[in-house]
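Working notes, structure below.
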C-alpha cells in the first residue's frame, strides 16, 4: 500500500490524545464511611468486568477513528509495482563535466563534482550512466555503466582542470552519439559547467540533440568575478645584435565582470628580473605597458611576464622566447659598379640591407672579376645583380655552392645576354631568359598577382604601385614556382629548389634603371624577406598556445623533450607532431642544440563572462522532445493516476463514521 499525500500520516500521532484523556479523566471511587453495609445491594464481579470492557472498547473505537481519519487524509491506494514504474525506471544519463581552465576559478570544480554526485545519487541500480570530462574535446570518458560506485570514484579522482579552452559542441555531440546506442527510452544529458560565453565558438548552427533526449544544465559559476591577465606580449622574434635595449609591449586586461583597479607587473629574462612596476587600469578594461629589456649574448632567451592577481593565479604568467642570432652574411656581386651612386647597380640593394645598425645582414660587395671561388662558402646568400658573364670555374663553383645549401638571388639587367646567361646559370637559375621586353616611355608593367601564402610574401602588406618599363621574358624551370607575375601574365619572380639550396630569379633589375621599385615602400621588406627566406632562417614563433602542435621532423632519435616542470616526455616512434598541453617552456635537446617552445593559455579562457544556460538549452533541445520531469514529479503523477480509480479513502471515511456512531451508542450506555 502507498499514500498519495503521506505527510498526513503525521496525524497518527493524534491517536495518543484519546489514550491520554482516558487515563487522565479516569474516575477514582470516593471513600465514604458507613456504620453498616446491610442496606447496600451487592454487585457481581461480572457486571464490574463488563463495564471495564466497555470503557476499553470506547478507547479502542476513539483511537481507531483518529487513526483511520489520518489514513483517509493521506489517501491510500494499492501500488505494489510503483517503484518499478517511477524512480526505479531504467534510465540512461550522460554527465558532461567541464574540465577547461576556467573551472579552476574559485571552487568551481568542487561544485561541479558535487552536482555530478547528486545526479548519480538519484539513479537506481538498473540505470546506466556515463561521465565525460571535456574541454575543447572529450578529455576522458567513463562508462556507460550501471556500476555507479565506479563512476563515483572516477568523479572523486578529478584533481585539477587542464589548460584547454571550452567548447560545448564536441562534448554534446559525443553524448548524443552515446545515447543513440542506449537500450533505454529515458535518456538525458546533464551539462555541468561555468557556461563561458566563448564555449559556443564552433557550435554547428541548427544542430540539436536527437528526439527524446532531454537536456539538463547546472551552472556552477559565481555571479561576480574578478580576474586580471596578460593577453599578449609583442616582442621581436629574433635579434641580430645582443646587449641593446629592446622594448616589449605588454597588454594587461581585466577579464572579470567586476573592474580590477590594477596590479604589480614583473618581467624577467632568463630568470633574472629586469622590470617591476605597479600597473593601474584607471577604470579601463585594458592597458598596454612598454617594458625595456636587454638580451645578453647570442642564443635563445626565455622571457616571463607576470601579474600579481591572487583571484585566479593560473593565468598570471605569459612566456615567450627570443633568439639573438648572428648577422646573415650576404655577398652582393655588382655587375655594373659605378662611382656615381645613382648609376651603381648595387646602391639601392645595399642601402636596403644596411640602412640601420639593427639590420640582420652583414653585407660585403664584390665584382665578378675579383670574386674568388674559395670565398663562396662564407656566405649564406649571394645576390648577383646584372652580372653578364663569369668564368667557367666560378659558374661550376656556384652550382656546388647551391647544391650544398647556399642560396642565390639573380636579378639580370641590361648587361646580361640571354644566351650566355642560360649557358652559365641554367643549373642554378629558377628559369631561363628568352628576350628583353622594352616598353614605350608611356607604357609600363605592374605586379598583378602574387603567391600570398609563400613565406616571402605572407608577412608583407605589399603596395603594387611599382612600374616596370623593362623586364626579361622568362621561362620557369620544370621544378620552379612562380611567386609573382606582371599584368601581362609574364613571371616576375620565380623560385627553385636545387639540392639543399634555393635560387630566386627576379625578371628585372633591382635598381632604378628599369623600374621605380627601389622608391616604393615595398622594396625594403621585399628584399629583407627574400634574403631571410633564402638564408633558411624563417621567422620563429615567439610563443604558442596550449593545444597547438609543433613539428618534430628532423629530430634526432636521441632527442629529449622536457616539459615545463622538467619531466622527460616520451616521443613515440614515427611521431611527427607533438601537442603542447600546459603553459611554460618546453625544451627539446638534441645534437643540434636546444630548441625552446614557449607555451601560453588561450586568453579567451581568462574571460569569465558567462552565458545564460537557457540560451544553450533552447539551442540544443530538440523541439520534438517532451521535457522530462524529475523522478519526484513523475512519481507523484503516477501515484495520483493509480489512486484516482481506487478511492480507498472514501471507504476509510465510511469506517470512521461507523466507528463514531458505535462510539456514541456505547458511550451513552456505559457507566462513568
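What follows is calculated from the coordinates using simple rules that are stated; it is not laboratory data. Nothing here was measured: the structure is a model prediction, and the numbers come from that model. Cβ sites come from the backbone with ideal geometry, for glycine too, and all protein chains shown count toward neighbours.
Take 656-669, 181-194 and order them by the average number of nearby Cβ atoms within 10 Å per residue, most first; the result is 181-194, 656-669. Each peptide in 121-128, 214-221, 196-203, 333-340 was scored by the mean count of other Cβ atoms within 10 Å over its residues; highest first, the order is 214-221, 196-203, 333-340, 121-128. Expressed to the nearest 5 percent, the antiparallel share of DSSP beta bridges inside the chain is 65 percent.
Nearest 10 degrees is fine. How inclined is helix 392-403 to the longest principal axis of the chain, computing both from alpha carbons? Approximately 0 degrees, to the nearest ten. Of 207, 514, the sequence from fewest to most neighbouring Cβ atoms within 10 angstrom is 207, 514. Look at 241, 576, 605 and count the other Cβ atoms within 10 Å of each Cβ; fewest to most, that gives 576, 241, 605. Look at the alpha carbon pairs under 8 Å that are at least 6 residues apart: their mean separation over the length of the range 305-351 gives a relative contact order of 21 percent. The angle separating the long axis of helix 45-73 from the principal Cα axis of greatest extent in the chain is about 30 degrees. Note on the range 228-310: Kirkwood hydrodynamic radius from all Cα pairs is 13.6 Å, rounded to one decimal. Find the centroid of the Cα atoms in the range 250-276 and in the range 371-414, then give the distance between the two in whole Å. Cα centroid of the range 250-276 versus Cα centroid of the range 371-414: 51 Å apart. With Rh defined as the Kirkwood radius, the inverse of the mean 1/r over Cα pairs, the Rg/Rh of the range 89-231 is 0.97.
Of interest is the spacing of the C-alpha centroids, which for the range 147-169 and the range 102-144 amounts to 6 Å. For the chain, the extents of the C-alpha atoms along the principal axes are 168, 52, 51 Å, listed from largest to smallest. With respect to the chain, whose longest principal axis is taken over its alpha-carbon atoms, helix 168-180 is tilted by about 50°. The C-alpha atoms of the range 341-442 occupy a region whose extents along the principal axes are 41, 35, 23 Å, arranged from largest to smallest.
Among 620, 250, sorting on how many other beta-carbon atoms sit within 10 Å of each Cβ, with the fewest leading, yields 620, 250. With contacts taken as Cα pairs under 8 Å and at least 6 residues apart, the chain reaches a relative contact order of 15 percent.
The range 328-534: percent of C-alpha pairs farther apart than 27 Å? Tail of P(r) above 27 Å: 22 percent of Cα pairs.
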